[in-house]
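The values are calculated or read from the model by the stated rules, or taken from the named source; none is laboratory data. A quick note: this is a predicted structure, and the numbers were derived from the prediction, not measured. Don't worry about glycine lacking a Cβ; one is built from the backbone with ideal geometry, like all the others, and counts go over all protein chains shown. Protein only, heavy atoms only, side chains kept; ligands, DNA and RNA dropped before computing areas. Shrake-Rupley method; radii C 1.70, N 1.55, O 1.52, S 1.80 Å.
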Amino acid sequence: MRATLKILTNDGNVICVDNRTNGKPLAIFATMAVAPAPSRRPLAWHHVVPLRSSEALTTRQIYQDTIVDKPSHIPDPTNTTPALGFLEQQQLNNAAMVQSRRGHTRTVDFPGGFDNPRVDARWWPFVRLSRKCYLKYVVSDPVWMDDLGFVTINIEHWGTTYAFKRRDRDWVAVGQWSNWLF
């Protein structure tokens, strides 16, 4: 989890995040991996960057969209870094499929954001009500087998999955799966 929070703050931004992981890390990956070929074609593992969203729907926009029938638009996210090589793609895809079914998962608490000063980790209702950060992050439970693991991040209406390898006593990010809109 430290490695995940480090990625999300490595460009100097402060993030607001729930103080406990939540959700299945490879649910979207497993669903998209069995989608028809045209849907899978643009999906790939990329070099790692922090997930950022240029906009979030306001309460007023959600009201307009659902009650007044005035549709809101959120742009599709893109990946700004190049894709990893073919062999790395296959290794991460295979590991993600196996771990989506049989990997070890557990809920993790973020006491004080793991001493990262750019992480504001709070109980989820306080994160949603906070005006400190415009965007709210949700970090999935980690899943891992041996020396490879995955974590999914949701920020407002966008999501991505990070792949990590264990190096010595720490985890290092090795790939980021295609960003998606949900």
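Between Thr80 and Ile67, the simple spin-label model (points 7 angstrom out along Cα→Cβ) gives 3.6 nm.
Put Leu181, Leu51 in order of accessible area, largest first, 1.4 Å probe: what do you get?
Details: Leu181 70, Leu51 0 Å².
Per-residue accessible area, sorted high to low, gives Leu181, Leu51.
If R0 is 30 Å, what FRET efficiency do you get for Val98 and Val14 from their C-beta distance, rounded to 0.05?
Details: r = 36 Å, r/R0 = 1.19.
So, using R0 = 30 Å, E works out to roughly 0.25.
For the range 83-182, report the accessible area per residue in Å² (1.4 Å probe, heavy atoms, rounded to an integer).
Working: 5680 Å² over 100 residues.
Heavy-atom accessible area per residue stands at 57 Å².
Surface calculation, 1.4 Å probe, protein heavy atoms: Lys165 sits at approximately 80 Å² accessible. Rolling a 1.4 Å probe over the protein heavy atoms leaves Ser178 with an accessible area of roughly 10 Å².
Backbone phi angles across the range 113-129, fed through the Karplus curve with coefficients 6.51, -1.76 and 1.60 (θ = phi - 60°), yield HN-Hα couplings of x, 6, 6, 8, x, 9, 10, 9, 9, 9, 4, 3, x, 5, 5, 5, 8 Hz in residue order; Gly and Pro are listed as x. With θ taken as phi - 60° and the Karplus curve 6.51 cos²θ - 1.76 cosθ + 1.60 applied, the whole-hertz 3J(HN,Hα) list for the range 99-110 is 5, 5, 9, 10, x, 7, 10, 6, 7, 10, 8, 10 Hz, x standing for glycine and proline.
In the chain, carbon and sulfur make up what percent of the accessible area (probe 1.4 Å)?
Working: 5640 of 10720 Å².
Looking at the chain in its full context, I get 53 percent from C and S.
Here's how it looks for Val108: its modeled amide H is under 5 Å from those of Thr21, which are all 5 or more places away or on a different chain. Taking a Cβ cut-off of under 14 Å around Ala96, the surrounding Lys, Arg, Asp and Glu residues balance to a net charge of +3, with basic ones at +1 and acidic ones at -1.
Roughly what % of DSSP beta bridges within the chain run antiparallel, to the nearest 5? Intermediate results must be reported in sequence, preceding the final value.
Numbers: 28 of 34 bridges.
Restricted to the chain, the bridges split so that about 80 percent are antiparallel.
Over the chain, Cα pairs under 8 Å with separation of 6+ residues give a relative contact order of 36 percent.
Within the set [x] 41, 34, 33; [y] 54, 46, 24; [z] 48, 43, 28, the number that Cα extents along the principal axes in Å takes when calculated for this structure is listed as [z].
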